[in-house]
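J.: Please find one structure pasted underneath; my questions will follow.
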Amino acid sequence: KYLGGHNDLLAGAVVGNKMLISALREFRDITGGIVDPHCAYLLIRGMKTFALRMAQHNHNGMEIAHYLEKHPRIKQ
């Protein structure tokens, strides 16, 4: 959902050690694990704005951090 940016798909990647990946690969073979073409389109569409969205998330987080850093009722 996060990669797409529009809350209209569910896709992603799995990262882990060989044992985990092996178990998940077996599960994927049984249940399927490939997104449909429409979902792939939505994912590509959303990833076009991923860098921009991450930059804005970072900016927003820094604004909150600076505000809280100066707030009299917040201790470090």
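J.: Filter region 27-54 down to the residues that are among the acidic types (Asp, Glu) and either on the phi > 0 side of the Ramachandran plot or modelled with pLDDT under 90 (or both) and list them by number.
T.: ASP29
J.: Find all pairs meeting these conditions: Cβ atoms under 6 angstrom apart; at least six residues apart or on different chains; first residue within region 11-31 and without any contact (Cβ under 8 Å) to a residue 24 or more places away in the chain and closer than 23 Å to LEU43 by Cα; second residue in a helix (DSSP H, G or I) and of a type in the set (S, T, N, Q).
T.: If the second residue must be in a helix (DSSP H, G or I) and of a type in the set (S, T, N, Q), no pairs are left.
J.: A further question follows. Which of the residues that make up region 32-67 are among the hydrophobic types (A, V, I, L, M, F, W, C), closer than 17 Å to LYS1 by Cα and free of Cβ contacts under 8 Å to residues at least 40 places away in the same chain?
T.: ILE34, VAL35, CYS39, ALA40, LEU42, ILE44, ALA51, LEU52, MET54
The values are calculated or read from the model by the stated rules, or taken from the named source; none is laboratory data. Keep in mind it's a predicted model, so treat the numbers as computed, not measured. Quick reminder, even Gly has a Cβ in these numbers, built from the backbone with ideal geometry, and neighbours come from all protein chains shown.
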